[in-house]
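See below for the structure under consideration.
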Amino acid sequence: MKPFILLDPGHGDIINGVYQTAGKRSPLWSNGSQLFEGEFNRAITQGISQALTLHNIENKIIVPEREDISLRIRASRANYLATQYPDHHCLLISVHANAGGGKGFEIYTSRGQTSSDIVADHIAHAFTQVFPQKPLRSDYSDGDSDKERGFYMLRKTRMAAVLTENFFMDNESECCLILMSPTGRQKIIDYHVKGILEWVQQIARNEI
Ligand SMILES: [Zn+2]
């Protein structure tokens, strides 16, 4: 079966200078810069989409709008699109930046052992290759590297689904040196794409 990747940029963007999502931004740093998470999430999903297209992998950004589309509509869009690609392996990736104090990368799947765990392991492994010095915040209690939570997009979508929390926007060095820098953003795109490509190769070998 062929893969079909659904990309979900979390939250809203900036429209005419107005950020569409309450909160979900970095502090205003001393150099006057500030990160708005929805802008970052869109930049990363667009980069992933471009790279997948260059690898001939079908993909779609499920929120092309700049408005903050509700989780209910996002999930129903993903489920509808999956019905349009019945003979495909569908995978949803929700992209976010973390906050609340900490550092590094987290990846979440729906609860229990599902096909989502396989792709989560690939992306987590790719993260450690691209950012060998940065922490992968893992929960190995169930034998794999993802953290399992009941996030809406993971619970309500009927396909393999993962949610990535890419560094901490309230950590000044991670925010300014990685999340707000073109090279940092490219590396974040790269580990998503590397992980997806590993999963796609497994599909091609009929292993999943
Ligand atoms: Zn978020």
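The values are calculated or read from the model by the stated rules, or taken from the named source; none is laboratory data. Please read all numbers here as calculations on a predicted model, not as lab measurements. Here the Cβ positions follow ideal geometry from the backbone for every residue, glycine too, while neighbour counts run over all protein chains shown. We work out accessible area using only protein heavy atoms, side chains counted, and drop any ligands, DNA or RNA first. Shrake-Rupley method; radii C 1.70, N 1.55, O 1.52, S 1.80 Å.
Write out, first by first residue and then by second, each pair whose Cβ atoms fall under 9 Å of each other, whose residues are 6+ apart or on separate chains, and whose first residue, in the stretch 1-25, is under 20 Å from residue 80 (Cα atoms) and touching a residue at least 12 places away in the same chain (Cβ under 8 Å) while the second is of a type in the set (Asp, Glu) and part of a strand (DSSP E or B).
Partner pairs satisfying both residue conditions: 2/58; 3/58; 4/58; 5/58.
Can you pull out every residue in the stretch 142-187 that is in contact with a Phe, Trp or Tyr (Cβ under 8 Å, 6 or more places away or on another chain) and within 27 Å of residue 79 (Cβ to Cβ)?
Residues satisfying the conditions are 146, 147, 148, 149, 151, 154, 162, 163, 164, 165, 166.
Cβ contacts < 8 Å: first residue without any contact (Cβ under 8 Å) to a residue 12 or more places away in the chain, restricted to the stretch 118-144; second residue surrounded by 14 or more Cβ atoms within 10 Å (Cβ to Cβ) and not charged (D, E, K, R), any location; separation 6+ or different chain. Result?
Once the first residue is without any contact (Cβ under 8 Å) to a residue 12 or more places away in the chain and sits in the stretch 118-144, its partners that are surrounded by 14 or more Cβ atoms within 10 Å (Cβ to Cβ) and not charged (D, E, K, R) give 128/136; 139/145.
Search the stretch 107-132 for residues being modelled with pLDDT of 95 or more and part of a loop (DSSP other than H, G, I, E, B), and hand back the single one that is least open to solvent (accessible area, probe 1.4 Å).
So, considering only residues that are modelled with pLDDT of 95 or more and part of a loop (DSSP other than H, G, I, E, B), the one least open to solvent (accessible area, probe 1.4 Å) is 131.
Here's a check for you: in the stretch 164-192, which residue that is open to solvent by 10 Å² or more (accessible area, probe 1.4 Å) and outside any helix (DSSP H, G or I) is nearest to the ligand (Cβ to nearest atom)?
165
Within the group 92, 71, which residue is surrounded by fewer than 19 Cβ atoms within 10 Å (Cβ to Cβ), under 16 Å from residue 162 (Cβ atoms) and within 16 Å of the ligand (Cβ to nearest atom)? Let's see the steps before the verdict.
Details: 92 fails: surrounded by fewer than 19 Cβ atoms within 10 Å (Cβ to Cβ).
Of 92, 71, the one residue that is surrounded by fewer than 19 Cβ atoms within 10 Å (Cβ to Cβ), under 16 Å from residue 162 (Cβ atoms) and within 16 Å of the ligand (Cβ to nearest atom) is 71.
Do you know which of the residues in the stretch 164-197 that are among the aliphatic types (A, V, I, L, M) and in contact with a strand residue (DSSP E or B) (Cβ under 8 Å, 6 or more places away or on another chain) is farthest from residue 30 (Cα to Cα)? Don't jump to the end; show me each part of the working.
Looking only at the stretch 164-197, we keep the residues that are among the aliphatic types (A, V, I, L, M), and these are 169, 177-180, 188-189, 193, 196-197.
Add one more test, that the residue is in contact with a strand residue (DSSP E or B) (Cβ under 8 Å, 6 or more places away or on another chain), and what stays is 169, 178-179, 188, 196.
Details: 169: 14, 178: 17, 179: 16, 188: 25, 196: 37 Å.
Among residues in the stretch 164-197 that are among the aliphatic types (A, V, I, L, M) and in contact with a strand residue (DSSP E or B) (Cβ under 8 Å, 6 or more places away or on another chain), the one farthest from residue 30 (Cα to Cα) is 196.
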